[in-house]
Each structure stands twice: as C-alpha cells, then as structure tokens.
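Input: a single structure, listed below in structure tokens.
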Amino acid sequence: MTRNDNRNKYTSRHRITLAVILCFFGLCVWSHFPAKRKTVKAQEDEKIYLLHADELYHDMYSDNPEAQIAKGHVRFRHKGGLLWCDSAYFYQLTNSVKAFGNVRYKQGDTLSLTCLYADYDGQEQKMAARHKVVLTHNKRILETDSLNFDRLYNYAYFEEGGTLKDGRDRLVSDWGRYNLDTKEAVFYYNVKMKSDDMLIETDTLYYDTKKSLAHVVGPNSTITSKESIIKTEDAYYDSKTEKATLFQRSTVTDKQKSITGDSLYYTKNGDSFGYGNVVYIDQENKNALICDEMQYNETTGCGFATKRAVLKDFSQSKDTLYAHADTIRLYTFNINTDSVYRKIHCYNKVRVYRVDVQAISDSVVFNSQDSCMTMYHDPIVWNGNRQLLGEKIKVYMNDSTIRRAHVIGQALSIEQMPDSVHFNQVSSKLMTANFLEGVLRQTEAVGNVRTIYYPVDDKDSTLIGLNYLETDTMRMYLSKERQLERIWTCKFQSTLYPITQIPPMKEKLDVFAWFDGLRPINKDDIFVWRGKRKGEELSAGKRHEAPLQKLD
C-alpha cells in the first residue's frame, strides 16, 4: 500500500467519526430545544400584546413618558382575554394598560365587561373598571360604577353600590363580591333582593346563582311578599320553588295571622313545618296555637300540632281559655270558597282551663260549620261549683261564647253546696243546658230523671231538707246570678226528708261521682294528666237490636 492510500484511509475514518459526533451533538441540542421553546412561549403569554391601533406614538415630554399612546380602534390580548377601547396608555415595562372610552373586555364565550375606563395589570391579572360598568357572565348581569376584577382567582368586587340581575331575581347592595367559578355572590350593607312579588331586605346576603338560593343573615332582616312578611336573622330562600327555611326565632306574618318558631320550613302551596316553641296567633279570631312541632299545608288547609300543643282562645274579655292535647289536627273543607269550614281534632288527654270553666276528655272535635265542640270518652266539665259528665258532651258556641250544651248518655249534673258536704244532683239519659250571654239560665233532663235537691231557707240560708224526685222530663230555670227560680216537670214521684231525718245512703244517687281532684287548677296544670282510676270509667250502654222475623 502506498503512502497516499494510507492517507486517504486515515482521512475517511476521521470523517466518519466527525459525522457521528455531529449527529450525537445534534440529538442532544434537539432534545433540549422543545423545553426552551415552552419557556419562551410561557414568557410570551405573560405579556400584553397590542394587536391593533389606528395611531401609535411615544411622547417623552408627556405626563406618562414611559407609556406608548394608542388611539383609534385599540385592541389588546392577554392570556386568552381581549380588550377593546378608544385610546390607551400601554406600559410594556410594567406589562399594564390604562384604557379609555368604550372599554370592552371579553374572556371566552361566557364573560364580557364594558365600562368607560379600565386599569389592567397583566402581572397580577387584575382589572379596575370604572364608570357605568356592566359585567355579563352566563346571562347574569352585574352593574356598578366601580368594579375590581381578579382574573387569577375569578372574583369580581364592588364597593360603591351595585346590582346583580339573574333571571327574575334582582339584587342591590353597597358592597358585593361575585365568584365566577362557583357562581356564588355575597352582598353587604343595605341589601335588597327582589324576585317577582317578593322583596328581601337585610345587611348580609349570600346568593347561589346556580340554585337561585339566597341565604339571609343579620338582625332585622325581612322577606316581604303580597301575602306575608317574614322577620328573621337567619333564613334560606329559594326563588325558583318559593321555599323558605327560617332559623333563630323567625316570624311569618300574614295580615292578622302570625307564626313564630325556632325553625320554620315554608313551602308555597305545599307542606310547611315548624319546630321549637312554635307560636301561631290569629288576631282576627282571637286565638292562638303553641306547640313544639307543627305541619300545615296552605293548599289543602290541613295540618297538625304536637309536643306540648296548646290552643288558646282570648276572645272573651274575662280570661283566656287554654286547651292541651297530645295531638291537634286541622282539616279544611271547601277551601277558598264561600262555604269553607274547618274541623279541629284534639285527641288523647285533653285538658281545658279558663277561670270560669274547666274540662277533661279523651278527645274533642270542633266543627266550625255548626260551631259545635264534641267531647268523647268520659268527658267532664266544671263550671264554678257545678260538675257535668256523660258518655258524650256537645257544646255549641256563639262567637266563642257557650250557647248550649248537650249531654248524651248517662248524664250527671252535680252542684256542690256552700257547706262543701251536700250536693244537688240530677241524672238522666239526656241533658241540655242553655246559656244566655255565657251564663247558664235553663237546663232540661230527659229519660229516667232522678234528682236530689236540698231546699234552702231564704232567711238564714240553712238547709231545709232533702227532696228526692223521679220523673221522665224536668226543666230548671235559673236567674242571672245562677240561683234556681223554678222547676217544671211532668208526672213525678218525690219525697221530702227533713234535714235531720235523711235516711242513710239517701244523700247521694247511686251514680254519684265527684271528680274535683281531676279538675285543672290553672293554665300550667293542663299539662299534668289526671284521669279516672280503673273502674271509674263510664261504660257506654249498648242499644238493643230490633228482633228479626224468621220464617220457618
């Protein structure tokens, strides 16, 4: 091999090595180039770009020597957002813009903003919009004169009064904040929210635009509608379903009716609930209902109350009547018509107290159609020193005043004499008592009438004797002072025993029963149940069936 051949061979080998080195270096450089390109791209995205201006210049001697002045159809872009205005100061060093005249900002397809002036900081991604600001986000419109928009956390603030429009809901306040991600807003100071015929006034209100749910917080807050006024410190209101959830002893007032409770759950045209010392007052009819749990449906007019339920009637100037039962139910018939009437069912351990009348019963039904109150299962009524009992007692009212009482089955009337030892007694199958202006004036006993009566000497009020009488029908007439004036009876048999010659066991009827120990003594005593002892209950007599004819 010649010297030239060796040289050519050596040169060819080095060329191959150099090519390999260059290829390897190229691969290393190329592998780092995409990361470098990403860094450059990220840095470019942080910058604000001027996309267009009819006129652009720089004035070293102006008040803003560091700014570029752009005029005419000015348009900027920054991190996916576009900004339009009539003119602007563009600060490239601080990456910010001051925009003037017909300012418009758009971010994606869901957010747009208009105002007359805006100061945009690209470093912190914040915009201060001023004068006739309108922010639109998913058909929700926020109007104010001063708005701060934080793109980084997607918040919009106003501190000089603003209005949020969301469908039929309209909210105004002195200060507010709106979160574009959660679509939740919070408003402070002089807050008002109007939705159709409903108006909320409060100091603090949280509003979820996705659910149309308002959370009212603060003392002296009110929710006003055509039908009612709600006073609350803590409430949730759904403007779509018109449901309200009220806490902190809220009150709902509807004309002359009001309801107060620790917790109230109101549903328009649906079931509403109340919990915790619920107080319902009807000033028009002068009555009230107190309980710890209540349910009512304004569409059907049906509801119930339980847990220390008490009915109060203060229509009488004398005193308030209190009635307690384990459960009180209300039924309304022919609602929203001229023939509307209601039935109230009180059952299990009913106790009634008023200064002039007391009663106990297992259950009571009141029908407003005939103003009749029916007492079932061992009812007892006391009026002064009189006791009335039977299998069933019907009391007919006239404007909350007793008009007539009708005792059905095993009727027994007892009047305790002033000496507390002797008792006037009347027993019969049926008994009727008629009242005039709330005072008992006439009674009638029908069927197997038996009486024990103690005549009194008018001179010294001493007892003359005992008069025992049996008849079929008897009427007694009393004065306004409840003194016996006269007695009428059909054919009868009677015996008068002198007071010193009364035979043993004749002082009382065999059905005599005096239950003064069961009598409620005050309005708080209605919660303490004292019933008859075993064996003292009345056993309702069974009617005999008519004999059936039989064919052979």
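The values are calculated or read from the model by the stated rules, or taken from the named source; none is laboratory data. If you're wondering where the values come from, they're calculated on a predicted model, not measured in any experiment. All Cβ positions, glycine included, derive from the backbone under ideal geometry; neighbour counts span all protein chains shown. These accessible areas exclude ligands, DNA and RNA; they are computed on the full protein's heavy atoms, side chains included. Shrake-Rupley method; radii C 1.70, N 1.55, O 1.52, S 1.80 Å.
Based on this model, can you work out whether Arg37 counts as basic (Lys, Arg), modelled with pLDDT of 95 or more and either open to solvent by 40 Å² or more (accessible area, probe 1.4 Å) or touching a Cys at 6+ places or on another chain (Cβ under 8 Å) (or both)? Spell out the reasoning first.
Working: basic (Lys, Arg): yes; modelled with pLDDT of 95 or more: no; either open to solvent by 40 Å² or more (accessible area, probe 1.4 Å) or touching a Cys at 6+ places or on another chain (Cβ under 8 Å) (or both): yes.
For Arg37, the condition - basic (Lys, Arg), modelled with pLDDT of 95 or more and either open to solvent by 40 Å² or more (accessible area, probe 1.4 Å) or touching a Cys at 6+ places or on another chain (Cβ under 8 Å) (or both) - is not met.
Conditions tested, residue by residue: (1) outside any strand (DSSP E or B); (2) under 15 Å from the mean Cα position of the chain (by Cα).
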site: Thr245; (1), (2): no, yes
site: Ile259; (1), (2): no, yes
site: Tyr280; (1), (2): no, yes
site: Glu284; (1), (2): yes, no
site: Ile290; (1), (2): no, yes
site: Glu293; (1), (2): no, yes
site: Lys307; (1), (2): no, no
query = Counting just the residues of the range 85-97 that are without any contact (Cβ under 8 Å) to a residue 40 or more places away in the chain and either crowded, with 16+ Cβ neighbours inside 10 Å or over 14 Å from Gln123 (Cα atoms) (or both), which one comes out nearest to the chain's Cα centre (by Cα)?
reply = Cys85
Cross-chain or 6+ apart pairs with Cβ under 7 Å, the range 57-77 first and charged (D, E, K, R), then open to solvent by less than 40 Å² (accessible area, probe 1.4 Å) and part of a loop (DSSP other than H, G, I, E, B) = Lys71/Ala53
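Being within 21 Å of Ala411 (Cβ to Cβ), out of contact with any His (no Cβ under 9 Å at 6 or more places or on another chain) and open to solvent by less than 70 Å² (accessible area, probe 1.4 Å) is the requirement here; does Asp472 meet it?
So Asp472 does not fit the description; no.
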message = So Val407 passes all but one of these: (1) part of a strand (DSSP E or B); (2) surrounded by fewer than 16 Cβ atoms within 10 Å (Cβ to Cβ); (3) of a type in the set (Val, Ile, Thr). Which condition number does it fail?
response = (2)
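Might you check whether a residue that is in a strand (DSSP E or B), open to solvent by less than 40 Å² (accessible area, probe 1.4 Å) and out of contact with any Gly (no Cβ under 8 Å at 6 or more places or on another chain) occurs anywhere in the range 478-493? Give the steps one after another, and end with the answer.
Pass one, the range 478-493, residues in a strand (DSSP E or B): 478, 484-489, 492-493.
Pick out the ones that are also open to solvent by less than 40 Å² (accessible area, probe 1.4 Å) and you get 478, 489.
Subset that is out of contact with any Gly (no Cβ under 8 Å at 6 or more places or on another chain): 478, 489.
Looking for residues that are in a strand (DSSP E or B), open to solvent by less than 40 Å² (accessible area, probe 1.4 Å) and out of contact with any Gly (no Cβ under 8 Å at 6 or more places or on another chain), one finds at least one in the range 478-493, hence yes.
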inquiry  = Go through (1) open to solvent by 60 Å² or more (accessible area, probe 1.4 Å); (2) more than 24 Å from Ala185 (Cβ to Cβ); (3) modelled with pLDDT of 95 or more; (4) touching a Lys or Arg at 6+ places or on another chain (Cβ under 8 Å) for Leu82 and report which single condition fails.
reply    = (1)
inquiry  = Quick check on the range 511-552: of everything there that is of a type in the set (Lys, Arg) and at pLDDT 90 or above, which residue is farthest from Cys291 (Cα to Cα)?
reply    = Arg519
ask   = Among the residues of the range 56-74 satisfying the criterion of being of a type outside the set (Gly, Ala, Ser), surrounded by 12 or more Cβ atoms within 10 Å (Cβ to Cβ) and at pLDDT 85 or above, which is farthest from Phe90 (Cα to Cα)?
value = His73
ask   = How about the range 125-212: which strands (runs of 3 or more DSSP E) wholly inside it have at least 1 residues that are open to solvent by less than 10 Å² (accessible area, probe 1.4 Å) and within 21 Å of Glu242 (Cα to Cα)?
value = 162-166, 169-173, 184-195, 198-208
inquiry  = With the requirement that a residue be in a strand (DSSP E or B), modelled with pLDDT under 90 and either open to solvent by less than 60 Å² (accessible area, probe 1.4 Å) or closer than 30 Å to Glu415 by Cβ (or both), what does the range 333-347 give you?
reply    = Tyr341
